[in-house]
Amino acid sequence: MTNIGFIGLGNMGFPMAQNLLKSEHNIIVYDIREENSKKLQNCGAKRGKNIVHIANNCDIIISMLPSTKDVKEIMLGKGKNGAIFANSKENSLIIDCSSIDVKASRELAAKAKQNNLSYIDAPVSGGVMGAKNACLTFMCGGEKNDFLRALPILKLMGKNIIHAGSAGSGQAAKICNNMLLAISMIGVSEAFNLADSLGLDRQKLFDIASNSSGQCWSLNTYCPVPGPVETAPSNNNYRPGFSAFMMLKDLLLSQNAADENNIITPLGRKAKNLYEDFVAGGNGETDFSAIIKYLRRLEN
Ligand code: NAD
């Protein structure tokens, strides 16, 4: 039995920690919002007093936080709610599942090593439903031995667990995938908007393109017009799913990485700009596939 600390019990972290509770391990949880920790305590977890308490008492620590800044704060910050690195037991394993900046993630991995700690980045895809059903995909970066140590724990929360490479590779995989996803969603949306204006029936376009060279996940599984794919958010008034705000967050990370490395991503940059406008218009909480409605308005 291992003491596992879990920090960040939001939309994703809460159900992930619930799945860990089904194992034989001791789960100690912490969230700055006390009510989240209390709810999980009611499900059988122990409640950590603060971050330092988690660091002192756990052999494995998982974080699932909103941003790079939050992750840096708990790993390196000062006081009771920071400084995992300074307060963890030697050889503890830290698994950061948050989606954060690649460079920052690499720097954290290097600092962890200096503190005799193991560290992997393990961002996820699969959303809240994947977290609830323990079928997330984990994209992991770090040393192979550390990945293998994390594997049985990640298996309690996910189905596809892939070692993407050295430190930061999980974050790199996540932002490359999501940049591609945003671009393909915009492309599919443009195709449907053009079809509408040409008088082509949407279902006919779907039947043809989803079996032709235009097929992709954004079309076949997550079609942005209501009708063709029953389970898509477009059939549920564009309730997320994956929110436009989350997509924008990942596009900011991918564009930041592209700029830092002098990589030219004209479509990635355009996708970021479009989602920026879409979110600024008050649509952050809608599903990212609702960008089709925004693109339609641009036509007028
Ligand atoms: P969320 O905002 O619902 O949850 C984050 C939790 O962290 C909150 O409960 C918050 O109180 C807590 N928190 C913030 N700062 C803290 C600190 N310093 N110490 C302790 N707790 C703190 O976010 P989420 O939707 O669960 O997403 C978490 C991460 O997963 C993000 O990086 C996100 O990009 C990524 N992600 C989310 C989804 C999704 O569909 N929601 C999908 C894939 C990846």
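Computed values, structure above
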{"quantity": "10 Å binning of all Cα-Cα separations within the chain, expressed as whole percents from 0 upward", "calculated": "6, 26, 32, 21, 11, 3, 0"}
{"quantity": "For the stretch 254-300: rounded, prolate or oblate by the Cα gyration tensor [a/c cutoff 1.5]", "calculated": "prolate"}
{"quantity": "With every protein chain in place, the stretch 88-174: carbon and sulfur % of accessible area (1.4 Å)", "calculated": "50"}
{"quantity": "Accessible surface, the stretch 54-101, averaged per residue in Å² (probe 1.4 Å)", "calculated": "39"}
{"quantity": "Computed Rg/Rh of the stretch 40-130, alpha carbon atoms with Kirkwood Rh", "calculated": "0.96"}
{"quantity": "Whole-Å distance, taken between Cα centres, linking the stretch 16-60 and the stretch 97-121", "calculated": "22"}
{"quantity": "Exposure rank, largest accessible area first [M75, M129, M246; 1.4 Å]", "calculated": "M129, M246, M75"}
{"quantity": "GNM result for the chain, Cα springs below 10 Å: residue of N273, N261, N115 fluctuating most strongly", "calculated": "N261"}
{"quantity": "Largest-first principal axis extents, alpha carbons of the stretch 1-91, Å", "calculated": "31, 26, 19"}
{"quantity": "For the stretch 90-220, average projected area of the Cα convex hull in nm²", "calculated": "9.5"}
{"quantity": "Links that overshoot a 24 Å alpha carbon limit, given the list K39/K132; K39/K72; K132/K249; K174/K293; K49/K174; K111/K272", "calculated": "K39/K72; K174/K293; K49/K174; K111/K272"}
{"quantity": "Rounded tilt (10° steps) of 144-154 against the dominant C-alpha axis of the chain", "calculated": "80"}
{"quantity": "Overall form of the stretch 72-121 per C-alpha gyration tensor (a/c, 1.5; a/b vs b/c)", "calculated": "oblate"}
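The values are calculated or read from the model by the stated rules, or taken from the named source; none is laboratory data. Quick caveat, the model's predicted, so the values are computed rather than measured. The accessibility values were calculated without ligands, DNA or RNA, using every heavy atom of the protein model including side chains. Shrake-Rupley method; radii C 1.70, N 1.55, O 1.52, S 1.80 Å.
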